[in-house]
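Structure first, commentary second.
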Amino acid sequence: MGLRYLLKETLYYKRLDGSPKRMIYKFLFSKTPLSRLVNTRAYNFFYKKNIDKFTKEHTPTILQIENSNVCNARCIMCPHTKMKRKQRIMSFENFKIIVDEVLSNYRSIKNLTITGFGEATVDRGMIDKIKYVNEMYPWINIDLFTNGALLGKELADELLKRNLHKVNFSINAMEKNYKKITGLNYGLVRENILYFVKRKKELKNKFPLVNFSLMVLKENEKDVKDFINLWERHGDSVMIYRPLDWAGSKKIESVEKPPFVKKRWSCIPLWQSVMVDVDGNIIMCCQDYESKVKFGNVLEEPIKKIMNSKKFQEIREKHKRGDFSMDICRTCDNWINSSLWWWVYN
Ligand SMILES: C[S@@+](CC[C@H](N)C(=O)[O-])C[C@H]1O[C@@H](n2cnc3c(N)ncnc32)[C@H](O)[C@@H]1O
Ligand code: SF4
């Protein structure tokens, strides 16, 4: 990844987080001689101290709600194609109960991601849900991840009237192999995205920030540069990701080398996020697409009781001790950046 790309990413994160901290750390510890310090004894000493301090008093700052686990696509790198959970759309009533329960108990939460293991825009009630959060909890930044295929003019106009913080268009391919990778129609998705960004510009809206993302697969590894050149002028950022294998359950031929594989640290989302699946279950993290590890159901029990349950606390404590033997964690590969996480989000 070139310097220009990193610079753009830094500016984007500055707009997203209000601070460029995330990218500065990433840059310093991956592109400069400081990268040699990562996971040395001194580094580990201070890093551990930082984790201890953070986990002592921390309350969540992110809520993620899976409003739909139905999807209109069949991306080859996504676990959705093999998910066995019953597919459904969350009702407005349940969404409201969840949002009220979580946000009234955790005033520390500032971000809501309306996305799970499915496509959020399949949910025809999505706008009402966003509207509710905008009206009742105006300080909450709402983020959305979408493949863009259902985001036609009408939905785009509605979305642009709401208070959204970020929309990530997961494009994941160039035209020539788009159908093969996603199962969707490139022309339609392109048209939808271009309309969205054109309307946003016409309305002179600073938000939502628009991000385009690409998973680097063996099918598209040669297209990374073209992808960046094609999409960067249309949005605020282009993100190039290395695909995960969803806790060992989706074998993907990855072409990018994972950074910082020397040492594994605790996963920050265990402290930082409240993850709710389409049925209201509080699950461990974004890797658990089958909702295998559940701590309780927020439609039935108080959120604080679930987040502080013995089962959840034990998993957090094990993580802090470096024990990753539990379900999901045992086979997960999402920890590759864990040697940096705790500086960046703290
Ligand atoms: C699971 S999708 C759900 C939201 C929506 N359907 C979408 O595609 O944006 C959320 C994000 O996960 C990404 N994703 C899919 N497969 C992945 C993989 N193997 N590793 C990492 N991210 C992946 C998608 O590109 C998307 O940006
Ligand atoms: S990446 Fe998104 S669009 Fe593609 S199959 Fe998965 S959930 Fe659906």
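Derivation of every value follows stated rules applied to the coordinates shown; laboratory data play no part. Everything numeric here is computed off the predicted structure, so don't read it as measured data. With ideal geometry, Cβ positions are generated from the backbone for all residues, glycine too; neighbour counts draw on all protein chains shown.
Dipole magnitude for segment 1-92: about 240 debye, using +1 per Lys or Arg Cβ and -1 per Asp or Glu Cβ, origin at the Cα centre. Ranking Leu194, Asn172, Leu159 by Cα position along the charge dipole of segment 159-206, where only Lys, Arg, Asp and Glu carry charges on their C-beta atoms, puts Leu159 farthest toward the positive end. For segment 132-232, a crude dipole built from +1 on the beta carbon of Lys and Arg and -1 on the beta carbon of Asp and Glu, taken about the Cα centre, is about 180 debye to the nearest 20.
For the cross-link pairs Lys84/Lys222; Lys14/Lys161; Lys131/Lys200; Lys84/Lys263; Lys86/Lys166; Lys86/Lys318, which exceed 22 Å when the distance is taken from alpha carbon to alpha carbon? It would help to have the intermediate numbers written out before the result.
Numbers: Lys84/Lys222 33 Å; Lys14/Lys161 24 Å; Lys131/Lys200 18 Å; Lys84/Lys263 33 Å; Lys86/Lys166 28 Å; Lys86/Lys318 31 Å.
In this structure, Lys84/Lys222; Lys14/Lys161; Lys84/Lys263; Lys86/Lys166; Lys86/Lys318 exceed 22 Å between Cα atoms.
Compute the distance in nm between two label points, each set 7 Å from the Cα along the Cα-to-Cβ direction, one at Tyr195 and one at Lys263. Taking the simple label geometry, Tyr195 and Lys263 are separated by 5.2 nm. Each Lys and Arg Cβ is given +1 and each Asp and Glu Cβ -1; about its Cα centre, the chain then shows a dipole of about 1200 debye. Farthest towards the positive end of the charge dipole of segment 122-227, among the residues Pro138, Val210, Gly183, is the Cα of Val210, using unit charges on the Cβ of Lys, Arg, Asp and Glu. Taking each DSSP H run with n ≥ 4 as -39500 (n - 2.57) and averaging over every residue of the chain yields -12000 deg cm²/dmol at 222 nm. Highest mean packing first, where packing is the average number of other Cβ atoms within 10 Å per residue, the peptides 277-286, 91-100 line up as 277-286, 91-100. At a Cβ-Cβ separation cutoff of 4.7 angstrom, cysteine residues of the chain with no neighbouring cysteine are Cys71, Cys267, Cys285, Cys286, Cys329, Cys332. With contacts taken as Cα pairs under 8 Å and at least 6 residues apart, the chain reaches a relative contact order of 19 percent. Once C-alpha pairs closer than 8 Å and six or more residues apart are averaged by separation and normalised to the residue number of segment 149-253, the relative contact order reads 30 percent.
For a quick check of your reading of the filter: which trypsin sites (Lys or Arg not before Pro) in segment 308-342 sit in a DSSP loop and have no more than 13 other Cβ atoms within 10 Å?
Details: sites: Lys310, Lys311, Arg316, Lys318, Lys320, Arg321, Arg330; in loops: Arg321.
For trypsin sites (Lys or Arg not before Pro) across segment 308-342 that sit outside H, G, I, E and B with at most 13 neighbouring Cβ atoms in 10 Å, the list reads Arg321.
For the chain, the equivalent ellipsoid derived from the alpha-carbon gyration tensor has semi-axes of 29, 26, 20 Å in decreasing order.
Secondary structure note: in the chain, about 20% of the DSSP beta bridges are antiparallel.
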